[in-house]
2 protein chains.
Amino acid sequence: MKTIGGGVCAAKGFTASGIHCGIRKNKTKKDLALIYSEVQASAAAVYTQNLVKGAPLTVTKKHLTNGKAQAVICNSGNANTCNANGIEIAEKMSALVSEKMGIPAEDVIVASTGVIGQPLDITPIADGMDALVAGLGDHSDDAAEGIMTTDTVKKEIAITFEIGGKTCTLGGIAKGSGMIHPNMATMLVFLTTDANISPEMLAKALSSDIKNTFNMVSVDGDTSTNDMVAIMANGMAGNAEITCEGADFDAFMTALNTVTVYLCRMIAGDGEGATKLLECTVSGACSEAVAKTVAKSVICSSLVKAAMFGSDANWGRVLCAIGYSGADVDVNKVDVSFVSAVGEILVCKDGTGVEFSEEIAKQILLEKEIGIDIRLNSGDAKAVAWGCDLTYDYVKINGDYRT
Amino acid sequence: MKTIGGGVCAAKGFTASGIHCGIRKNKTKKDLALIYSEVQASAAAVYTQNLVKGAPLTVTKKHLTNGKAQAVICNSGNANTCNANGIEIAEKMSALVSEKMGIPAEDVIVASTGVIGQPLDITPIADGMDALVAGLGDHSDDAAEGIMTTDTVKKEIAITFEIGGKTCTLGGIAKGSGMIHPNMATMLVFLTTDANISPEMLAKALSSDIKNTFNMVSVDGDTSTNDMVAIMANGMAGNAEITCEGADFDAFMTALNTVTVYLCRMIAGDGEGATKLLECTVSGACSEAVAKTVAKSVICSSLVKAAMFGSDANWGRVLCAIGYSGADVDVNKVDVSFVSAVGEILVCKDGTGVEFSEEIAKQILLEKEIGIDIRLNSGDAKAVAWGCDLTYDYVKINGDYRT
C-alpha cells in the first residue's frame with residue numbers, strides 16, 4: 001500500500017472541480033464542488049442519525065437506492081436544512097448536474113454544509129455550473145476547498161493497493177471542524193476508487209468501516225444534521241468484481257480503513273479551534289462496546305479537552321469521564337498513561353494516582369498529538385476514538401458563527 | 001411562603017461555620033465548613049451516579065443508613081477521590097467532628113470537593129477543628145464560602161412556610177460551577193430545616209424533588225465524582241411529624257422545591273466562566289421523559305451554549321440538538337422562541353425558520369437570563385432544564401485548574 005497525491009482524482013476516471021459561485025459573500029472562499037466519474041459507478045453512503053436531516057440527504061438517499069452514481073455536487077456556506085423548499089433546491093442541484101453532464105439526475109449525490117435554516121438560493125449555483133464543469137480535471141484540492149466551512153486545512157489523501165494482481169487506487173476528501181460527534185456518519189466525506197466492487201459489497205464495506213472510524217470522532221458532541229460519507233467505485237482498475245467476502249474484499253477493507261483513519265485524524269486534529277489531536281485508546285475491555293463507550297466518553301469530556309489544551313496532566317478528569325460513561329467498568333482496575341512523540345508517562349494505576357514527574361508530563365502534553373492510553377485490565381477488547389482539545393478559539397468561532 | 005436571610009442557619013437549632021484551615025494555599029479562601037444541629041435530625045442524601053465515587057460519599061452513605069445526622073463537615077480544594085487512603089481520611093474527618101461536638105461519628109455527613117487524585121492531608125483539618133467549632137453561629141455565609149471551588153458567588157437561600165399552623169424554615173447552601181451534569185445528585189448542596197418529618201418521608205421528598213431540579217442542571221456535561229445533596233430536618237419547628245403523604249407533605253415538597261429551584265438557577269448561572277443563565281422549557285411533549293431528554297440535550301449543546309454567549313439567535317443549533325437528543329420527536333411540529341426580560345421572539349415554526357428581526361433577537365439575547373422555549377406540539381408533558389453559556393473563561397478556568 002502506498003500513499004500518493006491526487007485525492008479524489010487519483011483513481012482512474014475521476015475528475016473534480018471547485019469554484020466560488022457566490023453562496024458565500026467572501027469571494028476568496030470556494031463554495032461549490034463537483035466530483036465526476038467517466039463511467040457510472042457503484043455507490044454507497046451513510047448518513048447522520050440526527051432526526052433533523054438536511055434536505056440533500058433525503059434526495060441522495062433516494063438517488064442511491066439502485067447503488068449507482070456518477071457525480072457528487074456539494075456546496076458550503078448553507079446547509080439547506082430546516083427550509084420549506086429544501087428538497088426542491090436539492091433536486092434542482094442534481095438536475096443541474098444531470099443537464100450539464102448528460103447523466104441521469106438519479107446518479108447524482110447531493111450534499112450541503114453550512115448554516116441551518118436559511119433558504120438556499122439556487123441562482124448562484126445555476127450561474128456557476130458552466131465554470132464548475134469547465135473546471136473538471138485533476139483538481140481534488142479545489143473540490144476539497146469548496147466543501148470546507150470553518151476547516152483551516154484541506155483534507156485529502158489517496159493510496160494505491162493491489163486486488164487480484166491489479167493496482168487499485170482509493171482517495172478521499174473531507175470537511176469537518178464543528179458539530180461533529182459519534183454515532184452517525186460524521187461530517188462530509190467523499191471517497192472515490194477505481195476498484196471493481198458490487199454496490200452491495202461497497203455498502204457493506206462502508207457501513208462496517210465507519211463504526212470504527214468516523215463514528216469514533218468527536219469535536220464538540222453535536223451531531224450534525226447534514227453529515228454524510230459517500231463512496232463511488234467505478235471499476236476502471238480492471239480487477240474481477242468483488243461480489244462476496246474473501247481476500248479481495250479484505251484487501252479493499254484494509255485500503256478503505258487506511259484512508260478513513262487518516263481522514264478521521266485530520267478531522268479531529270482540525271476540530272474548531274483545536275490546537276491538538278487527541279487519540280484515546282482503550283484496551284483490556286470485556287467487550288468492544290465497553291471499550292468504545294469509554295473511549296468516546298473521555299474524548300467528549302469538556303474538562304479533559306480543556307486540560308489537554310492547558311497541557312495539564314489532570315488524569316482525575318479521565319477517571320471521572322470513565323466513571324460516568326455508562327459502561328460497566330471496574331474502576332479499581334483502571335490504568336491511565338499519557339503518550340506523545342516525546343515519551344509516555346503512567347499517571348494512574350488500579351484507579352489510584354501514582355507519583356509522576358509533572359515536568360515530564362508537561363513535556364509530553366505540550367506536543368500536538370496526544371495519546372490517552374487507558375487499560376481496563378478486564379478483557380481483550382479494544383477501541384480507539386479521536387478528538388481534540390477545547391480552546392478559546394472554539395468559543396470564538398461558535399460565539400458568532402452566522403455573522 | 002417568604003424568602004428570608006440566614007441560609008442554612010435560618011431554621012431553628014442550626015449553626016454553621018467556615019474557616020481557612022490550610023488545604024488551599026490561598027489564605028484568603030475558606031476551605032472548611034461545618035453545619036451543626038442542636039439536636040439529632042432526620043437526614044437524607046442523594047449521590048452522584050458516577051462509578052468513580054469520592055470516598056466521602058461512601059462514608060456518608062454508610063452513616064445515613066439509619067436516616068439520622070446532626071452535622072455536616074465539608075472541605076474544598078481537594079476531592080479526596082481516587083486516593084488509596086480516601087476512606088480512612090473521610091472517616092477521620094467525621095471522627096474529628098464526633099470528638100469535638102460529642103456526637104456519634106455516624107451522625108456526621110462528610111463531603112469534599114476539589115482536585116481528584118491528590119491525597120488529602122488530615123493535618124490542616126485536625127489543626128483547624130477548634131477554630132471551626134468556635135466559629136459556630138449564624139454564619140451560613142462562611143460555610144457557603146468554605147465549600148466554594150471556582151464559584152464566583154455564594155449560593156444560599158432560606159424560606160419560611162406553614163405546616164399545620166406552625167411556621168417552618170428551610171434553607172440551603174450550594175457549590176456548583178464545573179463538572180456538573182444531569183442524571184445524578186449534582187454538585188454539593190446542604191439543606192437544613194426545622195420541619196418535623198420522618199427519615200423515610202424526607203428521603204422520599206428529596207429523591208423525588210431532585211429529578212426535576214438538580215438532575216436538570218448542566219454546566220459542562222461532566223458528571224462529577226463527588227456530588228451530593230444532603231438535607232437535615234431537626235423537627236424544632238414543632239409541627240406534627242410528617243410520616244405519610246398528604247397536605248403537610250405537599251407543603252414541605254413545595255417549600256423544598258422553591259429552595260432547590262433557586263439553587264439550581266444560581267448554580268447554572270454561576271457555571272464556570274458563564275455570563276448567562278439559560279433556562280430551556282420544553283412543552284407539548286408526548287411524555288415527561290421526552291420533554292426532559294430534549295431540554296437536557298439543548299442545554300448541553302456546546303454550539304447552542306456558544307451561540308448564547310455571542311447573543312446569536314442561531315436557532316438551527318437548537319433544532320439540531322433536539323434532533324440528536326435520542327427522543328422520539330416529530331421535528332416538523334417544533335416551534336422555538338427566545339425569551340428574556342425585554343421580550344420574546346419566535347424564530348422557528350413547524351421545524352422551519354420564520355422571518356424575524358435579528359436586531360430584536362439580539363436585544364433579547366443580550367440579557368443575562370435567557371429562556372429557550374420549545375413547543376413540541378405533540379402532547380401535554382413539560383420539563384425545564386438549566387444551563388449556561390460556553391465562554392472563553394470556561395476554557396481558561398479549566399485549561400490549567402490544578403496549578
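B:ALA90 falls short on exactly one of the conditions (1) touching a Phe, Trp or Tyr at 6+ places or on another chain (Cβ under 9 Å); (2) among the hydrophobic types (A, V, I, L, M, F, W, C); (3) surrounded by 22 or more Cβ atoms within 10 Å (Cβ to Cβ), and that condition is (1). Restricting attention to segment B:180-190, does a residue exist that is in contact with a strand residue (DSSP E or B) (Cβ under 9 Å, 6 or more places away or on another chain), at pLDDT below 95 and over 27 Å from B:LYS382 (Cα atoms)? Within segment B:180-190, one or more residues are in contact with a strand residue (DSSP E or B) (Cβ under 9 Å, 6 or more places away or on another chain), at pLDDT below 95 and over 27 Å from B:LYS382 (Cα atoms).
Checked against the criterion of being in contact with a helix residue (DSSP H, G or I) (Cβ under 7 Å, 6 or more places away or on another chain) and in the same structural domain as B:TYR392 (by TED's automatic domain parsing), the candidates B:ALA291, B:ALA341, B:ALA306 yield just one match: B:ALA306. A:GLY316 satisfies every condition listed in (1) over 16 Å from B:VAL115 (Cα atoms); (2) part of a helix (DSSP H, G or I) except (1).
Scanning segment B:249-263 for residues that are aromatic (Phe, Trp, Tyr) and either crowded, with 23+ Cβ neighbours inside 10 Å or free of Cβ contacts under 8 Å to residues at least 40 places away in the same chain (or both) yields one hit, B:PHE252.
Quick one: would you say A:ASN196 is modelled with pLDDT of 90 or more, surrounded by fewer than 24 Cβ atoms within 10 Å (Cβ to Cβ) and either in contact with a strand residue (DSSP E or B) (Cβ under 6 Å, 6 or more places away or on another chain) or more than 14 Å from chain B (Cβ to nearest Cβ) (or both)?
Against the criterion (modelled with pLDDT of 90 or more, surrounded by fewer than 24 Cβ atoms within 10 Å (Cβ to Cβ) and either in contact with a strand residue (DSSP E or B) (Cβ under 6 Å, 6 or more places away or on another chain) or more than 14 Å from chain B (Cβ to nearest Cβ) (or both)), A:ASN196 does not qualify.
Given the structure, is B:SER378 part of a loop (DSSP other than H, G, I, E, B) and under 30 Å from A:ALA307 (Cβ atoms)? Here the answer is no, as B:SER378 does not meet what is asked. Every condition in (1) part of a loop (DSSP other than H, G, I, E, B); (2) in contact with an Asp or Glu (Cβ under 7 Å, 6 or more places away or on another chain); (3) surrounded by 24 or more Cβ atoms within 10 Å (Cβ to Cβ) holds for A:THR152 except the one numbered (3).
Would you pick out the residues in segment B:290-317 that are free of Cβ contacts under 8 Å to residues at least 40 places away in the same chain and of a type outside the set (Val, Ile, Thr)? Once the filter is applied, which keeps residues that are free of Cβ contacts under 8 Å to residues at least 40 places away in the same chain and of a type outside the set (Val, Ile, Thr), segment B:290-317 yields B:SER297, B:SER301, B:LEU303, B:ALA307, B:GLY310, B:ASN314, B:TRP315, B:GLY316, B:ARG317. The number of residues in segment B:34-76 being surrounded by fewer than 24 Cβ atoms within 10 Å (Cβ to Cβ), in a helix (DSSP H, G or I) and within 14 Å of another protein chain (Cβ to nearest Cβ) comes to 1. Can we say A:VAL133 is modelled with pLDDT of 95 or more, over 26 Å from B:VAL354 (Cβ atoms), away from chain B (no Cβ under 14 Å) and surrounded by 21 or more Cβ atoms within 10 Å (Cβ to Cβ)? Judged against the criteria, A:VAL133 is not a match. The sole residue among A:ALA126, A:ALA134, A:ALA203 that is of a type in the set (A, V, I, L, M) and under 30 Å from A:ALA84 (Cβ atoms) is A:ALA126.
Considering A:GLY246, A:GLY271, A:GLY343, the condition of being among the small types (Gly, Ala, Ser), under 29 Å from A:ASP393 (Cβ atoms), out of contact with any Pro (no Cβ under 6 Å at 6 or more places or on another chain) and without any contact (Cβ under 8 Å) to a residue 24 or more places away in the chain is satisfied by A:GLY343 alone.
Of all the numbered requirements in (1) more than 25 Å from B:PHE214 (Cβ to Cβ); (2) at pLDDT below 95; (3) hydroxyl-bearing (Ser, Thr, Tyr), B:SER297 misses one, and that requirement is (1).
Residue-by-condition table, conditions (1) surrounded by fewer than 22 Cβ atoms within 10 Å (Cβ to Cβ); (2) away from chain B (no Cβ under 11 Å); (3) touching a strand residue (DSSP E or B) at 6+ places or on another chain (Cβ under 9 Å); (4) outside any helix (DSSP H, G or I):
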| position | (1), (2), (3), (4) |
| --- | --- |
| A:GLU272 | no, no, yes, yes |
| A:LEU303 | no, no, no, no |
| A:ALA307 | no, no, no, no |
| A:ASP328 | yes, no, no, yes |
| A:VAL339 | yes, yes, yes, yes |
| A:GLU344 | yes, yes, yes, yes |
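This table checks each residue for (1) modelled with pLDDT under 95; (2) within 23 Å of the chain's Cα centre (by Cα).
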site: B:GLY54; (1), (2): yes, yes
site: B:ALA84; (1), (2): yes, no
site: B:GLU88; (1), (2): no, no
site: B:LEU96; (1), (2): no, no
site: B:PRO104; (1), (2): no, no
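One residue is enough: does segment B:279-292 have a residue meeting the conditions crowded, with 24+ Cβ neighbours inside 10 Å and within 12 Å of chain A (Cβ to nearest Cβ)? No - not one qualifying residue is present in segment B:279-292. Within segment A:77-102, if we keep just the residues that are in a helix (DSSP H, G or I) and within 14 Å of chain B (Cβ to nearest Cβ), the residue that is nearest to B:THR352 (Cα to Cα) turns out to be A:GLY86.
Per-residue answers, yes or no, for (1) crowded, with 17+ Cβ neighbours inside 10 Å; (2) touching a Phe, Trp or Tyr at 6+ places or on another chain (Cβ under 9 Å); (3) more than 10 Å from chain A (Cβ to nearest Cβ):
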site: B:VAL347; (1), (2), (3): yes, yes, no
site: B:VAL354; (1), (2), (3): no, no, no
site: B:SER357; (1), (2), (3): no, no, yes
site: B:ALA361; (1), (2), (3): yes, yes, yes
site: B:LEU376; (1), (2), (3): yes, no, yes
site: B:GLY379; (1), (2), (3): no, no, yes
site: B:ALA383; (1), (2), (3): yes, no, yes
site: B:CYS388; (1), (2), (3): yes, yes, yes
site: B:VAL395; (1), (2), (3): yes, yes, no
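The values are calculated or read from the model by the stated rules, or taken from the named source; none is laboratory data. The shown structure was predicted, so the numbers you read here are calculated from the model rather than taken from an experiment. Positions of Cβ are generated from backbone atoms using ideal geometry, with glycine treated the same way; all protein chains shown enter the neighbour counts.
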